[in-house]
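These notes are about the structure you will find just below.
The values are calculated or read from the model by the stated rules, or taken from the named source; none is laboratory data. Because the structure is predicted, anything quoted here is derived from the model rather than measured. Positions of Cβ are generated from backbone atoms using ideal geometry, with glycine treated the same way; all protein chains shown enter the neighbour counts. When the accessible area is computed, the model is the full protein with side chains, heavy atoms only, and any ligands, DNA or RNA have been set aside. Shrake-Rupley method; radii C 1.70, N 1.55, O 1.52, S 1.80 Å.
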Amino acid sequence: MGAEPRMVAEKERAAEVGGLAPERPPGRVYLGTFLVAFATLALEVTLTRILSVTTWYHLAFFAVSVAMLGMTAGSVFVYLHPARFAAETLSRSVSMACVWFSLAIPVTLWFLCGVRLDRIYSAPGFLALIATTAACALPFYFSGVAISAVITKCPLPIGRLYASDLIGASLGCLFVLGGLEVMDAPGLILLCGLVGMLAAFSFAWRGVSRRERGFRGLAAAGLLLLVMAHAAGLVRLQPVWVKGRLERPQDYILDRWNSFSRVVVHRRRNAPPQYWGPSPVAPRHQRLPQHAMVIDGSAGTSVRRFSSPADIEHLRYDVTSIGYFLRPRGGACIIGAGGGRDLQSALLFGHQRVVGIDVNPIFIRLLQNEFREFAGVGADNRVSLVVDEARAYLSRSKDRFAVIQMSLVDTWAGTAAGAYTLSENALYTMEAWGVFLDRLADDGIFTVSRWYRPADLRESGRVVSLAAASLLHRGVADPSRHIALVTSGRISTLLLSKRPFTETDVATLGRAASGLRYHLAILPGSVPKHPDFRDLIAARTTGDLRAVVDARPLNYEPPTDENPYFFNMVRLGDLREALSSSAGVLRGNLNATLALLWLIVSLLAVTLATVILPLARRPFRGAGAPGAPPVLWSGALYFSLIGAGFMFLEIALIQRLSVFLSHPVYALGVLLFTIIASTGVGSFLSDSLPLSRRPWVFVYPPAMVAAIVVVRFALPLLLAAMVTAPLAAKITASVLALSPLGVLMGLFFPTGMRLVRAAGAGETPWYWALNGAFGVLASALATFVSIFAGISTNYAIAAACYLAVLASVADLHRRGGAERRAEEPQADPITEGADAH
């Protein structure tokens with residue numbers, strides 16, 4: 001035979017554009033699929049930003065699982081009600097699903113802005129969480145219905161449909177990152193509703209009744225008016241409860257959102273000085289003009305007036321400034337400019353060149369504009385303000401500094417949800433500290449301030465371990481001569497010197513600590529009293545350090561780019577130790593770890609329900625049983641494996657390359673866009689490739705495995721070679737490294753759909769649901785694996801998933817051949833003529 005019957009049938013169906021409306025041009029179907037996928041992913045990402053404000057970060061990521069829950073439920077609905085999505089009603093049903101998706105979005109937003117979610121372990125809090133889950137899942141249920149019906153029921157080429165879905169999703173991610181720079185998160189969520197309404201019009205602008213057309217128009221006009229009213233401030237849709245506290249918008253003078261955070265600035269007030277680690281002799285009765293700044297409703301700092309040195313003299317009495325007593329001149333670099341506090345400290349002590357770096361542009365803009373004169377640093381020609389990730393900036397910079405200061409650089413995003421974010425963890429790795437030490441002058445000092453408790457060292461212990469490991473990696477024989485640690489109250493400040501501290505340095509540090517009544521926990525030339533500190537700085541080899549770390553109940557292991565989770569200090573085997581802690585960072589770690597485990601269990605339950613419940617409603621029909629086509633378990637395994645494999649690989653690549661790019665916005669936007677868009681390209685190309693025929697059907701899974709192995713070992717070499725390259729070059733290299741993998745991954749879903757259809761299966765919406773369910777379950781598992789086994793372990797799991805696909809491919813191909821042979825005597829004469837031709 002010449003052309004395959006499948007190809008002829010696809011051409012006939014495409015010519016009809018049947019499924020989706022007899023007169024519907026294919027371009028409208030592709031556009032509608034693109035728009036609803038665009039709006040769905042944009043909504044999902046923006047919901048995480050809203051939830052980061054209203055609740056704690058480890059619950060913010062439950063938006064991902066809720067989105068999966070809703071979309072899976074929508075796919076199961078399509079599976080259980082095939083009559084509603086028959087060819088003659090498909091267009092109308094999909095269009096109405098998009099309309100209800102759009103109308104559900106304001107309901108979800110209204111609920112999220114008004115619900116209180118701070119006590120989820122109490123009965124009322126748990127009920128609020130359940131209600132929030134239902135409210136958040138509602139729009140995703142309708143988009144799940146629309147996308148599942150189009151992908152599995154529309155007779156257009158599956159590769160092009162799936163490509164439209166993926167490209168829309170990838171651009172939806174970029175839309176959020178850019179959109180949050182010009183509007184707030186609630187406004188962006190409402191805008192997603194308008195995009196969903198455009199999808200509804202695209203699917204069924206004609207072929208519907210006048211009543212239905214009027215309903216769509218009225219709904220679209222209402223959404224547009226709501227978006228405009230919110231933008232004009234006539235309707236305020238903002239969180240009412242923020243981390244258990246009632247919002248008081250009348251107290252704010254500024255309220256800014258972006259992809260990093262929501263920052264609110266309170267009205268100016270005269271208040272006592274704000275300290276992190278105050279000296280016992282610090283002045284406290286002076287009242288100074290300042291503005292309180294709150295990040296995502298919890299993390300706080302202040303902007304204080306700086307018109308003369310007297311305004312900021314109190315900063316001498318904070319332990320975070322101790323490094324300036326040793327190096328009062330020579331240039332300073334501040335990692336985490338925030339409200340300008342550490343910049344003011346550097347100027348107070350006499351530095352004539354100060355560089356302030358912050359990854360969040362909101363802080364830099366405030367210092368340069370609204371608080372230019374008030375804070376004083378934006379108008380000072382000694383200060384340079386940079387919007388960048390510190391590690392990325394310093395890896396490119398040629399400047400050297402007497403002091404590099406990093407004081408409490410976290411917003412509880414990394415501390416309470418260290419299991420999920422790399423934007424701050426990436427500053428606390430051996431590779432990052434190697435960059436910081438390289439940017440010091442020969443006698444320069446790197447200072448790091450973290451939380452401290454004498455009873456259990458927690459972060460301070462891990463900071464010292466990281467300092468010792470960084471020095472040993474640079475060939476330092478005796479790390480104890482390069483490390484000092486000064487504490488006051490609940491704050492410790494590490495001083496890490498590029499060269500050994502001199503006797504003059506030690507004497508100066510002793511005098512400053514004595515005068516300010518600080519505690520010298522580690523002092524060069526003295527034996528620390530705390531046994532953990534004593535053993536950590538006594539290590540002379542990495543093996544010695546490993547033995548000390550392994551003997552401790554908390555995780556003091558020095559983080560690396562392979563396992564960069566500095567803030568996760570809980571070991572799986574020591575959860576009992578963490579459970580005994582009732583406050584502080586360790587409790588936050590525990591909450592994040594338990595939330596991740598709870599998420600995995602919940603997703604597993606949802607996944608099992610996805611597998612079992614549809615089969616309970618539509619029982620399995622064996623070969624030869626009358627009725628609907630049989631469920632193919634090899635098909636179920638195929639789509640489950642590629643969903644899991646895709647996510648394990650995607651998580652590994654994003655985590656690895658986000659450390660390389662350093663800037664989290666670029667990492668999320670560029671990497672996620674590249675992976676999803678290149679997967680869409682692969683899906684599009686699959687229509688032109690003979691992947692369902694021998695021998696190619698057995699080639700593409702091993703090709704994927706080989707590509708994963710190559711990336712696993714080649715990518716670290718590329719990243720190491722380009723660590724000092726310009727950001728544009730790093731982004732280009734990342735795109736080039738990811739694109740081939742994405743194209744290969746894009747071949748699997750449409751090829752699988754062709755294989756199961758050729759084998760006679762009629763359960764394609766169920767396969768779509770399984771693919772999504774196992775994909776999101778794998779996203780939580782992949783994060784868990786990265787924390788406790790290292791990022792690279794995910795490569796091995798992904799390769800195993802794609803290799804196991806071969807068994808399903810073999811069975812599906814065999815069944816498809818048998819199905820074709822059974823149908824050959826009843827072949828359509830037109831098809832036979834086409835084949836002969």
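Table for the structure above
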quantity: Interchain or long-range residues, amide H under 5 Å from Ala271's placed H; calculated: Leu288, Gln290
quantity: Amide H partners (placed H, <5 Å) of Arg262, local residues excluded; calculated: Asp296
quantity: Phi-based couplings in Hz for the range 313-322 (Karplus 6.51, -1.76, 1.60; Gly and Pro marked x); calculated: 4, 5, 5, 5, 9, 10, 5, 5, 9, 4
quantity: Positive-end extreme of charge dipole, the range 468-562 - chosen from Thr541, Ala507, Leu472 (charges on Cβ); calculated: Ala507
quantity: Three-way shape call for the range 146-244 based on the alpha-carbon gyration tensor, with the a/c threshold at 1.5; calculated: oblate
quantity: Phe784 accessible area, assembled protein chains, probe 1.4 Å, Å²; calculated: 40
quantity: Amide H contacts under 5 Å for Leu440, placed H, 5+ residues apart; calculated: Phe401
quantity: Around Gly444: net Lys/Arg minus Asp/Glu count, Cβ-Cβ under 15 Å; calculated: +4
quantity: For the range 748-755, 3J(HN,Hα) per residue [Karplus equation, 6.51 cos²θ - 1.76 cosθ + 1.60, θ = phi - 60°, Hz, x = Gly/Pro]; calculated: 6, 5, x, 5, x, 4, 5, 5
quantity: Solvent-accessible area of Met704 with every protein chain in place, 1.4 Å probe, in Å² to the nearest 10; calculated: 0
quantity: Pairwise FRET efficiency - Glu313 versus Asp251, Cβ, R0 = 22 Å, nearest 0.05; calculated: 0.20
quantity: Between the range 500-529 and the range 258-317, the alpha-carbon center distance in angstrom; calculated: 28
quantity: Solvent exposure, largest accessible area first (probe 1.4 Å, DNA, RNA and ligands not counted), of Ser307, Ser397; calculated: Ser307, Ser397
quantity: 13 Å beta-carbon shell around Met71, net charge (K/R +1, D/E -1); calculated: -2
quantity: Straight-distance crosslink candidates among lysines, where the alpha carbon sits under 26 Å from Lys498 and sequence neighbours closer than 8 are dropped; calculated: Lys398, Lys529
quantity: Calculated FRET value between Leu234 and Ala728, using beta carbons and R₀ = 30 Å, to 0.05; calculated: 0.10
quantity: Whole-Hz couplings from phi, Karplus 6.51/-1.76/1.60, listed for the range 633-642; x for Gly and Pro; calculated: 5, 5, x, 4, 5, 4, 6, 5, 5, 6
quantity: Full-stretch length increase - Leu608, Arg693 - with 0.36 nm per residue and alpha-carbon distance subtracted; calculated: 27.4 nm
quantity: Computed FRET value (nearest 0.05) for Ser526 with Phe111, which takes r as the C-beta separation and R₀ as 60 Å; calculated: 0.55
quantity: Longest to shortest principal axis, alpha-carbon extents of the range 696-792, angstrom; calculated: 54, 33, 23
quantity: In the range 80-127, chymotrypsin sites (Phe, Trp or Tyr not before Pro) in a DSSP loop with at most 14 other beta-carbon atoms within 10 Å; calculated: Tyr121
quantity: Label point distance in nm, Ala721-Leu218, each placed 7 Å from Cα along Cα→Cβ; calculated: 6.4
quantity: Cα gyration tensor shape of the range 447-542, rounded if a/c is under 1.5, else prolate or oblate by comparing a/b with b/c; calculated: oblate
